[in-house]
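As structure tokens, the structure follows; a few thoughts come after it.
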Amino acid sequence: MRRRIGVSALALTASLSAATPSFAQTSPVPDPTAGSGPVITVPPLEVTAKQMDRERSEIQPSLGATRYDFAASALQNIPLGDNASLNQVLLRAPGVVQDGFGQVHVRGDHGSLQYRLDGVQLPEGLSLFSQVLSPRFADSLSLITGALPAQYGLRTAGVVDINVKSGTTNPGGEASAMIGSYNWVQPALEYGGRSGAIDYFAVGQYVSNGIGIENPTGSALPLHDNTAQWYALTKVTGIVDENTRLSFIGGGASARYQIPNVPGQMPNFTVNGISNQNSSFLDQRQWEDTYFGIASLQKSYQNFNLQLSGFARYSDLSYQPDALGDLLYNGVAPWAKRTSFAVGAQADASWKIASNHTIRGGFLVQRERVTSFSQTNALPLVPDPSDPDAEFIPGEQTVGFTDGSELVGWTYSVYLQDEWKVTPTLTMNFGARFDAISAATTENQLSPRVNLVWEPDPKIALRAGYSRYFVPAPLNQVGFNSIAVRAGTTAATEVTRNDPVRAERSDYFDIGLTVKPVDGLTVGFSGFYKFAENYLDKGQFGAPVFQTAFNYAYAQVKGFEVFGNYDKGPWSAYANLAWSRVSSTNINSAQFNFEQADLDYIANHWIFADHDQSWTGSAGAAYVFNHGSEWATRVSADMLFGSGLRTSVVTPNDTSLPAYATVNLSVAQKIPLPGSKGTTIRFDAINLTDLSYQLRDGTGVGVGAPQYGMRRAFFVTLSQKF
């Protein structure tokens, strides 16, 4: 069997996989109604389903990479448990940095995370504030980082791998409701089961609260920040025979946001004689919708495993300005909408051709169509009546213009690799992938990958890896609107240059060591270095509140992580600390989003990326009283630490914001009510010390607005199984 050695975060595991697992075969089951006739083979459906889950994981192992696994029990130790957002779960893994708008950064990359459901890569959507995928969907959840094997490409900062719940893993139903601070209401319902060869599972939740987006001020209560959201997912699988399975996953999310206000602001423009408006009463709103579907065929035959999938994802983002307020404060009021529809196919296969060689290969083909349309009001630039020779100044009468575009892009990927067990303790995984894109640019790259894992003892794993990466800009984040149509208005840009955003190309080196010195204790270390050309970054430039990609000509990313975990009996505890440094130079695409002075400085100097945070850490502990009993009480606490993201004082991104540390507390009590399958009441306290801490201050390269972390909040959840 494959040995798994790693670090846990309250049962969070970082695994270094080396060998190939073997699986038990389904045994014949005699038919009791057959008398003395021949024995009929009846594969136990539940056993078959679980065996095929294991075989699917064998198709796409994380050989040589660093893998942090969140089991279902670990998710319950995290503040809010199943009600937490996915980004809050990921923040408990080493090297994951918290940012505004619910974003996270992994190992020095702004985004570049890929999300997989049962091994299938989900196309990137348009949502910014929304967490489309919920921990409530996951039977288990993993974050894979480092020098990734060849099956992982296109988005390479990390892979969020979600094994979706099923009727086999989560039979029965559960209803829950959480209420708390900020008028928070979050009901949820899930149900799963099996009927013959058909396995089914469905889950949905609704969220309503008064802090949909991070507060732009340090106050305890934000202004104009209500949100209403729903999320849902359904999974249906059918066992055709003991070697064949069909499955379908469908889901969606819809969210409505108010853009929070900053009181006490002074308008920058005059519109139709109006030069004053209370900024507390601005009414800007944003809508985000996403729907996706995945259909898969999984087939196993002796030493060959295959999963073939088709997928589709539609998403849209709409922004509604404050018709007068946006003009008074920004000089431009856009009614904007952007849509994305992606469809494609993915196949992954493994073939154990010898006792010490396993060949893996696959492909991905995707087509995406992105449309953009805006109806914009702005102010004209007119001669200064007091000085005809001076620069033009904004007029008071509005002018309108429309702007729209369409972009279609294709992505093609293929990979092949060999897992070679050189000796009983040394495994080499080597191969390559080829990626090609045809969209705003046409580019391709052949990317070699190699990983070595040495396990001299079951308690020790040492790894080293190299990966060549090719990361295209997300098509739906490429700014392709017209610049010329804005000329002569307050919507015009200072810089008119707009070179196309190109794919990032990088060399990535990674080493790691994981040790289990005593039973229940795991400690480890990881170090990494990346040198990138056309390094991809993203910024939020004006309205709508949307990410736009751009390139730095060169970047260096380096860092390390140390982590430890103890998990035995009623106790579990973890701690990790990470350091990273992201340096970049020369913005060479989408230049119209920046001021000329910043472009000139960055062209001749290395600067910190805006998402660079030197030190990041988290720690936590949990204890279960009456462990294993129906009156079990779980008490957990954890802490998140950040040394501060970058801000600009004299030169771009030259200073970091103040460091912060937030403390959270959770208590969950099981209540064995008569006739109940399980009742739990839970209490959570977030930011227990009521720390006011700033994630962004509105300055920095590509930073659009200030954001503060959530102040102290209390929540109560009641859940009932049935």
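The values are calculated or read from the model by the stated rules, or taken from the named source; none is laboratory data. Because the structure is predicted, anything quoted here is derived from the model rather than measured. Every residue, glycine as well, gets a Cβ built from its backbone with ideal geometry; the counts of neighbours run over all protein chains shown. We work out accessible area using only protein heavy atoms, side chains counted, and drop any ligands, DNA or RNA first. Shrake-Rupley method; radii C 1.70, N 1.55, O 1.52, S 1.80 Å.
Residue-level analysis places residue 389 among those that are more than 30 Å from residue 283 (Cα to Cα) and surrounded by fewer than 18 Cβ atoms within 10 Å (Cβ to Cβ). Of the listed requirements (1) open to solvent by 20 Å² or more (accessible area, probe 1.4 Å); (2) under 20 Å from residue 170 (Cβ atoms), residue 240 misses just one: (2). Can you say whether residue 427 is over 24 Å from residue 110 (Cβ atoms), touching a strand residue (DSSP E or B) at 6+ places or on another chain (Cβ under 8 Å), among the hydroxyl-bearing types (Ser, Thr, Tyr) and open to solvent by less than 20 Å² (accessible area, probe 1.4 Å), as far as the supplied structure shows? Yes.
For beta carbons closer than 8 Å, sequence separation of 6+ or different chains, a first residue in segment 628-646 that is touching a residue at least 24 places away in the same chain (Cβ under 8 Å) and at positive phi and a second that is outside any strand (DSSP E or B) and surrounded by fewer than 16 Cβ atoms within 10 Å (Cβ to Cβ), the qualifying pairs are 644/658; 644/659. Do we find a residue being open to solvent by less than 20 Å² (accessible area, probe 1.4 Å) and part of a loop (DSSP other than H, G, I, E, B) anywhere in segment 447-462? The answer is no; no qualifying residue exists. Cβ separations smaller than 9 Å between residues 6+ apart or across chains give the following pairs from segment 697-709 residues that are over 18 Å from residue 259 (Cα atoms) to residues that are open to solvent by 30 Å² or more (accessible area, probe 1.4 Å) and part of a loop (DSSP other than H, G, I, E, B): 699/648; 699/649; 700/648; 701/648; 702/541. Scanning segment 671-704 for residues that are over 21 Å from residue 641 (Cβ atoms) and crowded, with 18+ Cβ neighbours inside 10 Å returns 680, 682, 701, 702, 703, 704. Residues satisfying the criterion are absent from segment 164-178 (criterion: within 23 Å of the chain's Cα centre (by Cα), outside any strand (DSSP E or B) and under 30 Å from residue 433 (Cα atoms)).
Just to be sure before I move on: is residue 370 within 18 Å of residue 119 (Cα to Cα) and within 28 Å of the chain's Cα centre (by Cα) in the structure I sent? So residue 370 fails the test. For segment 377-386, the condition of being polar (S, T, N, Q), modelled with pLDDT under 95 and out of contact with any Gly (no Cβ under 6 Å at 6 or more places or on another chain) holds for at least one residue.
Criterion applied to 82, 99, 69 was being out of contact with any Ser or Thr (no Cβ under 7 Å at 6 or more places or on another chain) and surrounded by 22 or more Cβ atoms within 10 Å (Cβ to Cβ), and the one residue passing it is 82. Among the residues of segment 518-547, just one is touching a helix residue (DSSP H, G or I) at 6+ places or on another chain (Cβ under 6 Å) and open to solvent by 20 Å² or more (accessible area, probe 1.4 Å), namely 541.
Only one entry in 132, 97, 120 is more than 12 Å from the chain's Cα centre (by Cα) and aliphatic (A, V, I, L, M), namely 120. Picking from residues in segment 295-317 that are touching a Phe, Trp or Tyr at 6+ places or on another chain (Cβ under 6 Å) and modelled with pLDDT of 95 or more, the one that is least open to solvent (accessible area, probe 1.4 Å) is 313. Whenever a residue of segment 602-625 is within 25 Å of residue 547 (Cβ to Cβ), its partners that are assigned to a helix (DSSP H, G or I) and open to solvent by 10 Å² or more (accessible area, probe 1.4 Å), lying with C-beta atoms within less than 9 angstrom and at least six residues away or across chains, give the pairs 607/601. When the residues of segment 645-659 are filtered to those that are in a strand (DSSP E or B) and buried (at least 19 other Cβ atoms within 10 Å of the Cβ), the one that is nearest to the chain's Cα centre (by Cα) is 646. For segment 478-494, the condition of being hydrophobic (A, V, I, L, M, F, W, C), buried (at least 23 other Cβ atoms within 10 Å of the Cβ), in contact (Cβ under 8 Å) with a residue 12 or more places away in the chain and more than 25 Å from residue 699 (Cβ to Cβ) holds for none of the residues. With respect to the conditions (1) part of a strand (DSSP E or B); (2) at pLDDT 95 or above, residue 548 falls short on a single one, namely (2). Considering only segment 393-408, state which residues are open to solvent by 60 Å² or more (accessible area, probe 1.4 Å) and more than 18 Å from residue 330 (Cβ to Cβ). The answer is 402, 406.
It is to be established whether one or more residues within segment 341-349 are under 19 Å from residue 258 (Cα atoms), open to solvent by 50 Å² or more (accessible area, probe 1.4 Å) and aromatic (Phe, Trp, Tyr). No, the conditions are met nowhere in segment 341-349. Take residue 615 and decide whether it is surrounded by fewer than 19 Cβ atoms within 10 Å (Cβ to Cβ), within 30 Å of residue 505 (Cα to Cα), within 25 Å of the chain's Cα centre (by Cα) and modelled with pLDDT of 95 or more. Taking the combined requirement at face value, the residue satisfies it. Has segment 276-288 got at least one residue that is touching a strand residue (DSSP E or B) at 6+ places or on another chain (Cβ under 7 Å), free of Cβ contacts under 8 Å to residues at least 40 places away in the same chain and of a type in the set (Ser, Thr, Tyr)? Checked segment 276-288: no residue is touching a strand residue (DSSP E or B) at 6+ places or on another chain (Cβ under 7 Å), free of Cβ contacts under 8 Å to residues at least 40 places away in the same chain and of a type in the set (Ser, Thr, Tyr).
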